[in-house]
1. Glu111 to Asp50: FRET efficiency via 1/(1 + (r/R0)^6), r the Cβ-Cβ distance, R0 22 Å, to the nearest 0.05?
2. Expressed as a fraction of 2.2 N^0.38 Å, the rule-of-thumb size for a compact globular protein of N residues, what is the C-alpha radius of gyration of the stretch 78-142?
3. So how many Lys-Lys pairs in the chain land under 16 Å Cα to Cα, not counting same-chain pairs under 8 apart?
4. For the chain, what percent of Cα pairs sit more than 21 Å apart?
5. Can you work out ³J(HN,Hα) from phi for every residue in the stretch 17-28, in order, using Karplus 6.51 cos²θ - 1.76 cosθ + 1.60 and θ = phi - 60°, giving whole Hz and x for Gly and Pro?
6. Please list, in chain and number order, the residues 5+ apart from Val131 or on another chain whose amide H is under 5 Å from its amide H, with Hs placed from the backbone.
7. Output the antiparallel fraction of DSSP beta bridges having both residues in the stretch 2-131, as a percent to the nearest 5.
8. Amide H of Val25 versus every other amide H placed in the peptide plane: which residues, excluding those fewer than 5 positions away on the same chain, fall under 5 Å?
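Here, each number is a calculation from the coordinates, and none is a lab measurement. Computed from a predicted structure; not experimentally measured. Don't worry about glycine lacking a Cβ; one is built from the backbone with ideal geometry, like all the others, and counts go over all protein chains shown.
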Amino acid sequence: MAYLLPHLRTGWAVDQAIVNAEDRVVVIRFGHDSDPTCMIQDEVLASITDTVKNFAVIYVVDITEVPEFNEMYELYDDCTTMFFFRNKHIMIDLGTGNNNKVNWALPDKQEFIDLIEVVFRGASKGRGLVVSPKDYSTKYKY
């Protein structure tokens, strides 16, 4: 499903996508297009693109093709989704301890839309950390 989403193929393209989105949340899925977890996430992202187009823009980055951000954002997981607003990384308290990113696939479309809305509302008010509408601390047993 990654072919339905715009790919950012260079580090410069990733930077420009983050910098140039003035009034919308930039959602970037870092990972591999052939990874099963990323395929699930890409399907959800492709299906909600039209729903969130007024307040979010969604991109896909292959971390082997664009390795510049792997160390900076600690992209060691199979599938990682991060949020940016006005050239600033927006952190989300998901209840998992890692507030920087979502490092699993969220298969529920409405859940992901709600998450993007919370990020947009919080970031619009100048917050760098927002609280997720759902607590994921008990969903995944680490």
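1. Efficiency, from the Cβ-Cβ distance: 0.80.
2. Output field value: 1.06.
3. 5
4. Counting every Cα pair in the chain, those more than 21 Å apart make up 36 percent.
5. With the stated coefficients, the stretch 17-28 comes to 4, 6, 6, 7, 7, 6, 10, 10, 6, 9, 9, 10 Hz.
6. HN-HN under 5 Å from Val131: Asp93.
7. Given both bridge residues lie in the stretch 2-131, the antiparallel proportion sits at roughly 50 percent.
8. Ala56, Val57
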